[in-house]
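No value in this document is a laboratory result; all are computed from the given coordinates. The model shown is predicted, which means the values in this text are computed figures rather than measured ones. Every residue, glycine among them, receives a Cβ derived from its backbone with ideal geometry; neighbour counts consider all protein chains shown.
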Amino acid sequence: MAEQSLDVRLVVYSAQNESGGYEPVPPEVILPDNITYSLRCPELGFITVDTDPNKTEYITNELLNLPWVDEIERDALRISGTVQYDEKITNNSPDQWAYSRIGIHNVRKPTQNLSICTIAVIDTGADFDHPDIGKLIRGYDWVEQDSRPEDIDGHGTALSDIVSQIGGFISSPANNSALSIIAERIGATNVSLPASHSALAITHATDAGAGIILMGYGGTEPSLAEERAITYAKEKGVLLIAPAGNEDSNTVHYPSDNFNVISVGSVAKTDGLSYFSNYGIYTELVAPGEDLISACTKNGYCMSSGTSFAAAQVAGVAGRIKNEYPGLTADEIRSILQTTATDLGRTGRDIYYGYGLLNAPDAMKAAEELRLQKTLKEFSSGNNFFEMKRNLGQKNSTLYDLTLNKGWNFVSIPAPLRSQKTCRDLFSKVNTDSHTIWTYRGVNSEWMPHNPDISPVPMEGILVFSDKLVSVPLVLETNRNSSKGVSPGWNLIGLPSITEISACDLLTGSNSTWVSILQFNGTRQQYDPAIISGAQGTFADTRKIQPFSSFWIYMETNGTFIRSSAS
């Protein structure tokens, strides 16, 4: 049953407590006469009540006399965007100009099964039967107060489709999307949306596991409920995004004018600011927001314009980053979007374009670089790394002994195992779950769980976690030649020799070029100074690399590590 729409809705707040939360709202609120109880949000310390507009002042004073009440305000109003259904459009046209302008076609397809990012789209709901939208999750309908947030006019459906296209695959997102979308309905197009509904939806989506929240609406009135919800989501690591508004104005606009929200304006095909786009000091990014084709209700399609469609593209790219690099935080993703944006207008951030135009390829590249930096830092400090020990035995022996210490170990073998044991067999004395054996694929620039049911590949760097000190015997086929290719950029690689070797001799006679090598020093529990190709002194490339250990090497070109049976 739909809630009645009365003239005045009041939001009644409890006070904030010393722990950062809010004083509890009584489970049974005793209210003055002529008040209709509506909604409550214990997480944010408020309830909403409806009252006669002629008695608002009197009712407010009565409520303030209740011991738990700290503050009261009229519920602020929000407006959603509109869409124009077009029966001539028969698909969501993945080749449209907006996607080309942000460079999404130049970004490789998401890695399936690596991570599933969840994005909440808070707006007018979604058409759950439309075949072109990705994986939809039913959030909540805060108007009807049920778990069926069905879209009746198309704006929320359009936003969900754009997020799905950008964040997943451009084609057939329903089958291949790398993200899930939580649809939350807080109202309908051209009808005032209560900010209290916005607050409830933000909180609900956060608790449902959303890593990113797109709010497709806005208004000129501030709302304490909405501010509390945004703070709640931010503290739980959620990235929040909202359109800057469509009034061609620099007046205040909420929720986009909140420091914890990415405010997105719209640009035209000329890269100029769209005629309708708001602007101002809170504008953070811009994206194409004119003539976008997207899914609509009743399995149809529409062509529409607005800053909400620009914001949906930002949410999609942020979702793709989160899917590919789940270890990055919301603040880090926000910084990446800022620093990789294509600068428009005056140099640097300005009130019209913010940091500039959304740039998907550069954002993905920066995310990969930041992920690698974080990985190197994590492995070099405070994570109980221990030096790998070895016993080479007699000079011509093929039997070797590796000692894995408790914690992570950088591991590599220079030659095939004679026994062809799998990693599961080889590390039978330690936990061999696939999540404790990792390798870095330089070609795809990603960490991958190492399959424990295959034999280690010679010269492939892997990270093995051991829960205790353990000795691992190795029987190597040292009379066989092996090779391992490396690609431009960072590679995790193992030494091709069974004895130590100078870094400058790694690729002797090869046309490939390496720039830098990073080795982890188990004794000091940190990385040694980098080895630089051609350098002297501390960074000299004459420094030795130990066998049975893996190391990071940065390549300028493709290269090949070769192990000869004579080495």
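Of all aspartates and glutamates in the structure, the ones whose alpha carbon falls short of 17 Å from that of LYS406, not counting any fewer than 8 places away in one chain, are GLU378, GLU387, ASP433, ASP467. Secondary structure note: in the chain, about 70% of the DSSP beta bridges are antiparallel. Contact order for segment 439-496, expressed relative to its length and based on alpha carbon pairs under 8 Å spaced 6+ residues apart, stands at 52 percent. Take every pair of alpha-carbon atoms less than 8 Å apart whose residues are at least six positions apart; their mean separation over the length of segment 79-375 yields a relative contact order of 23 percent. The orientation-averaged projection of the convex hull spanning the C-alpha atoms of segment 8-75 amounts to 4.2 square nanometres. As a rough footprinting exposure proxy, the listed residues ARG9, ARG101 were ranked by other beta carbons within 10 Å of their own, and the order from fewest upward is ARG101, ARG9. Look at the dipole of segment 199-306 built from charges on Cβ: of SER294, LEU273, PHE259, the Cα furthest out on the positive end belongs to SER294. So what is the calculated 222 nm ellipticity per residue for the chain, using -39500 (n - 2.57) for each DSSP H run with n of 4 or more, over all residues, to the nearest 500 deg cm²/dmol? The per-residue figure over the chain is -6000 deg cm²/dmol.
Estimated at 0.36 nm per residue, the fully extended path between ALA540 and VAL8 surpasses their Cα-Cα distance by 184.1 nm. Separation of the alpha carbons by more than 20 angstrom is noted, of LYS135/LYS298; LYS234/LYS322; LYS322/LYS484; LYS322/LYS374; LYS135/LYS322, for LYS322/LYS484.
Out of all Cα-Cα pairs in segment 79-375, roughly what percent, to the nearest whole number, are more than 23 Å apart? Value for segment 79-375 (Cα pairs over 23 Å): 47 percent.
Among ASP453, ASP141, sorting on how many other beta-carbon atoms sit within 10 Å of each Cβ, with the fewest leading, yields ASP453, ASP141. Taking the square roots of five times each eigenvalue of the Cα gyration tensor of segment 189-331, the equivalent ellipsoid has semi-axes of 23, 18, 16 Å, listed largest first. Each Lys or Arg adds one and each Asp or Glu takes one away; over the other residues whose Cβ falls under 10 Å from the Cβ of ILE35, this sums to -3. Taken over the Cα atoms of the chain, the convex hull encloses 187 Å³ per residue. The label point for SER249 and the one for ASP52, both projected 7 Å from the Cα toward the Cβ, are 3.3 nm apart. A Förster distance of 35 Å, applied to the separation of the beta-carbon atoms of THR329 and VAL457, puts the FRET efficiency at 0.60.
Take every pair of alpha-carbon atoms less than 8 Å apart whose residues are at least six positions apart; their mean separation over the length of the chain yields a relative contact order of 11 percent. Around PHE276, what is the net charge, scoring Lys/Arg as +1 and Asp/Glu as -1 over all other residues with Cβ under 12 Å from its Cβ? Computed value for this residue: -3.
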